[in-house]
Amino acid sequence: QKEVEQDPGPLSVPEGAIVSLNCTYSNSAFQYFMWYRQYSRKGPELLMYTYSSGNKEDGRFTAQVDKSSKYISLFIRDSQPSDSATYLCAMENSGGSNYKLTFGKGTLLTVNP
Amino acid sequence: DTEVTQTPKHLVMGMTNKKSLKCEQHMGHRAMYWYKQKAKKPPELMFVYSYEKLSINESVPSRFSPECPNSSLLNLHLHALQPEDSALYLCASSLSGRYEQFFGPGTRLTVL
């Protein structure tokens, strides 16, 4: 079983839809959770960074962490064509080597006008 | 300002060439990273510098040689690369370990 599982998609939605992106993980030592957005041929851009279970909101984006289920989500409200990108979840241990991120494979999202 | 800059944007080199990639940040971050990313794959960690000392080397071949001249700069020296080394090379920085990492735009490297 991989440490982080993420459905690679592709996911195609109409403009204005609510998008739900998810990752599951197996390592209970993961305590820090990130979502990155990566446009084609560009570097990843940090969207959300969370530590504890619960929700964190930033504009149209909401990150949700459920440590009991080892499940994290990113919701995008009122999706726009400019949201079309690959979304990567990433996680970091609280102990051991705390510089290493474990990434999901990324989900390719297309928002159609 | 959460900007990490990388130069050059694109690089084409032959297998016998020597070249360098450069990365710079002015956020006062004390950890800097090199990643390699192939198409449709997540970034793979290569090296981590923490407080200007090499902290992690992920068993990267010696044809890749990192250097951290000061807390704001990170270089990756390339020599005798192979075509399979063609990829997007990403630099990132963070305040220290256990903080979010900010990525640069990357250098797209092609080895002929």
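The values are calculated or read from the model by the stated rules, or taken from the named source; none is laboratory data. The structure displayed is predicted, hence computed values, not measured ones. When we count neighbours, we look across all protein chains shown, and the Cβ atoms used for this are built from the backbone with ideal geometry, even at glycine. All accessible areas refer to the heavy atoms of the entire protein, side chains included, with ligands and DNA or RNA removed. Shrake-Rupley method; radii C 1.70, N 1.55, O 1.52, S 1.80 Å.
Residues considered: A:Tyr39, A:Tyr32, A:Tyr87, A:Tyr99. Of these, the only one that is within 28 Å of B:Cys23 (Cβ to Cβ), of a type in the set (Phe, Trp, Tyr), within 14 Å of chain B (Cβ to nearest Cβ) and open to solvent by 40 Å² or more (accessible area, probe 1.4 Å) is A:Tyr39.
One line per residue, one yes/no per condition, for (1) within 28 Å of A:Thr86 (Cβ to Cβ); (2) within 12 Å of chain A (Cβ to nearest Cβ); (3) among the aliphatic types (A, V, I, L, M); (4) in a strand (DSSP E or B):
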site: B:Gln6; (1), (2), (3), (4): yes, yes, no, yes
site: B:Thr16; (1), (2), (3), (4): no, no, no, no
site: B:Glu24; (1), (2), (3), (4): yes, no, no, yes
site: B:Tyr33; (1), (2), (3), (4): yes, yes, no, yes
site: B:Tyr49; (1), (2), (3), (4): yes, yes, no, yes
site: B:Glu67; (1), (2), (3), (4): no, no, no, yes
site: B:Asn75; (1), (2), (3), (4): yes, no, no, yes
site: B:Glu84; (1), (2), (3), (4): yes, no, no, no
site: B:Ser93; (1), (2), (3), (4): yes, yes, no, yes
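Here A:Tyr71 does not fit the description of being within 14 Å of chain B (Cβ to nearest Cβ) and surrounded by 13 or more Cβ atoms within 10 Å (Cβ to Cβ). Looking at A:Asn55, A:Asn22, just one residue is part of a strand (DSSP E or B), farther than 12 Å from A:Leu88 by Cα and open to solvent by 40 Å² or more (accessible area, probe 1.4 Å), and that residue is A:Asn55. So, A:Ser82, is that one of a type in the set (S, T, N, Q), modelled with pLDDT under 95, open to solvent by 10 Å² or more (accessible area, probe 1.4 Å) and not in a strand (DSSP E or B) or not? Taking the combined requirement at face value, the residue does not satisfy it.
Evaluated against (1) outside any loop (DSSP other than H, G, I, E, B); (2) loosely packed, with under 15 Cβ neighbours inside 10 Å, B:Lys40 falls short on exactly one condition, (1).
Let's see how each residue does on (1) out of contact with any Ser or Thr (no Cβ under 7 Å at 6 or more places or on another chain); (2) open to solvent by 60 Å² or more (accessible area, probe 1.4 Å):
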residue	(1), (2)
B:Val48	no, no
B:Asn57	yes, yes
B:Ser62	yes, yes
B:Ser71	yes, no
B:Ser93	yes, no
